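These notes are about the structure you will find just below.
The values are calculated or read from the model by the stated rules, or taken from the named source; none is laboratory data. Predicted, not measured: the structure shown is a model, and the values here were computed from it. Here the Cβ positions follow ideal geometry from the backbone for every residue, glycine too, while neighbour counts run over all protein chains shown.
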């Protein structure tokens, strides 16, 4: 039987004044108040922190590690020390940024209403595909940072055009007739 992650309320209880003060100091360095926007330290309340950790309980332990006292109290020195701990640094940054940008006040200030449902008509071929606007992105290939290594992840054999993604053009890429629904019968 696998161990369950600790409950979010327990995680908040473990973050007593020391770690919370460290988190606020780092949040203020990463997202300071500027141009009418609040600092992340002002926004990252217990409610915001609980919201993020409920959504991502896998961040609790790396956050605790990033806030451990032996890294000192200076926020910049802590960030520099965490540069060699990609998982812990990534969790710390994600908690701060997620807490900041999911706050209603911040969303209102930047004019972002949140996710909205948009009707998609799957049977229509979008003009941006016809014009090839997405081909340069596909040619670049998938790009993201692997959170375990902190390095760019690489996917071998990824399709390089929209056409490669959606239509098989040779018999060698599909058993019977590609993915157009025609099985040759």
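Taken together, the criteria exclude residue 59 from residues that are buried (at least 17 other Cβ atoms within 10 Å of the Cβ) and modelled with pLDDT of 95 or more.
One residue stands out in region 111-142 among those that are assigned to a loop (DSSP other than H, G, I, E, B) and touching a helix residue (DSSP H, G or I) at 6+ places or on another chain (Cβ under 9 Å): the one that is modelled with the highest pLDDT, namely 112.
Do you know which of the residues in region 15-24 that are crowded, with 16+ Cβ neighbours inside 10 Å and under 13 Å from residue 96 (Cα atoms) is nearest to the chain's Cα centre (by Cα)? Among them, the one singled out is 23. Restricted to helices (runs of 4 or more DSSP H) entirely inside region 37-102, those with at least 1 residues that are in contact (Cβ under 8 Å) with a residue 60 or more places away in the chain and assigned by TED's automatic domain parsing to the domain that holds residue 20 are 40-43, 86-101.
Just to verify a result, which residue in region 25-36, among those that are closer than 20 Å to residue 108 by Cβ and in contact with a helix residue (DSSP H, G or I) (Cβ under 6 Å, 6 or more places away or on another chain), is surrounded by the most Cβ atoms within 10 Å (Cβ to Cβ)? Quick ask: steps written out before the conclusion?
From region 25-36, those closer than 20 Å to residue 108 by Cβ are 27, 31-36; that's our starting set.
Okay, now just the ones that are also in contact with a helix residue (DSSP H, G or I) (Cβ under 6 Å, 6 or more places away or on another chain), so 27, 31.
Details: 27: 24, 31: 22.
If we take residues in region 25-36 being closer than 20 Å to residue 108 by Cβ and in contact with a helix residue (DSSP H, G or I) (Cβ under 6 Å, 6 or more places away or on another chain), then 27 is surrounded by the most Cβ atoms within 10 Å (Cβ to Cβ).
Are any residues in region 13-36 part of a loop (DSSP other than H, G, I, E, B) and either at pLDDT 95 or above or within 17 Å of residue 76 (Cα to Cα) (or both), and if so, which ones? Passing the criteria: 31, 32, 33, 35, 36.
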